1. What number in nm² do you get for the chain if you take the convex hull of its Cα atoms and divide its surface by four?
2. Could you tell me whether the range 90-226 comes out rounded, prolate or oblate from its Cα gyration tensor? Rule is a ≥ b ≥ c as square roots of the eigenvalues, rounded for a/c under 1.5, then prolate if a/b exceeds b/c, otherwise oblate.
3. Please provide three numbers in whole Å: the alpha-carbon extents of the range 1-155 along the principal axes, with the largest listed first.
4. Quick one: which residues, 5 or more positions from Val305 or on another chain, have an amide H under 5 Å from its amide H? H modelled 1.01 Å from N in the peptide plane, none for Pro or chain starts.
5. Based on the Kirkwood radius over alpha-carbon pairs, what is the Stokes-Einstein translational diffusion coefficient of the range 251-340 at 25 °C with 0.890 mPa s viscosity, in µm²/s?
6. Consider all pairwise Cα distances in the range 179-249 and report the whole-number % of them above 17 Å.
7. Using the basic label-point model (7 angstrom from Cα toward the beta carbon), what is the Glu150 to Asp27 distance in nanometres?
8. Cut-off is 10 Å between beta-carbons; in what order do Ser278, Ser229 appear when sorted fewest neighbours first?
Amino acid sequence: MIDLRSDTVTRPTAGMLAAMAAAPVGDDVYAEDPTVNALEARVAAMFGHEAALFCTTGSLANLLGVWCLVQPGQELVCDVRAHVVRAEMGAHAALHGITTRTWDSANGVTDTATIAGLITPDAGPYLVSTAAVALENTHNFGGGTVQPYEHLVEVSALCRDAGIGLHLDGARLWNAHVATGVPLADYGRLFDTVNVCFSKGLGAPIGSMLVSSAAHIARTRVQRKRLGSGWRQAGVLAAAADYALDHHLPRLGEDHAAAAAFAAEVVAQAPDALSLASVVTNIVVFDTGERTAVDVVAAAARAGVALSAVGPRQARAVTHQDVTVEEAQTAGRLVGAVLAGVPAQ
Ligand SMILES: *Cc1c(COP(=O)(O)O)cnc(C)c1O
């Protein structure tokens, strides 16, 4: 089975496991794990921020980042397909009393005027006040879309002028950075809070980082413990993330090439499934035409390719370091045949 369900399915490499085994550790609830402390300092510096908090998941880092910016009863504004509203099980509302309003978009990217038209800071006693905007880069359900850097600059200025916060769900910001060459610190300076994940394309088994000001991070350290996610010798996991930054970040371009190879094979047999121009990182979202996504995902699995259904008629393939460009190409050929309704050649 060629597993393209997600880039979360990777296993730690021998080099990563060796780094984990060799890590000096301590109790992180006492802030005494040297490997965690070093990783937090390293990642905060990469994004030009004061501090960072190592978290179990990207969902937790998003939950804590948004919690810094939005009070109970206020709203967060974001894309209709954003992970924060689609895939975090309502946590922002269920745990922190935060409401959301969304804009629609074709692929996770909108224009600044649309956001400006939605936000209502200090709305008074009749309407919900907007406290923050969240952007996602790359955009997962949008198809691995990269937000144009100029758009991010505009939204950052809009939010600062309006006196509201700006959160970045950068689970795959590494991929956007590799695809565009925009330095990580240039992304970091536009946002109040940033989540980045080590457990996606970087191939670590666990771990995400919330990056922000020292004051915000000090508060989130308390809230993380309150949510039951204080952890002890987490340095074994920080070592995996640190190893991933050194050894796996530089190879993400290979995953982008594999996604392009997959998509080219799909389009060769099913030209209406997607536009090749939409494939810019390691995610390929494509239309399943007359058939439901669930049906196509099941047929692809029988042919030896594991995909995800992400909409009624949209399926997703994600490339990662455990799949070669050749395997991605083979998978594309098999999925193309499924979509065209012909036996694979
Ligand atoms: C994976 C992902 C997250 C975090 O997911 P966890 O499974 O909680 O680590 C957040 N945002 C986006 C866009 C993601 O793809």
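Read the figures in this text as sums done on the coordinates, not as results from a lab. As the structure is a prediction and not an experimental result, all values here were calculated from the model. All Cβ positions, even for glycine, are placed from backbone atoms using ideal geometry, and neighbour counts span all protein chains on display.
1. It is 17.1 nm².
2. oblate
3. That works out to 56, 43, 31 Å along the principal axes.
4. Counting only residues 5 or more places away or on other chains, the set is Ile2.
5. 197
6. The answer is 55 percent, as a whole percent.
7. If labels sit at Glu150 and Asp27, their model points lie 5.5 nm apart.
8. Ascending Cβ contact count within 10 Å gives the list Ser229, Ser278.
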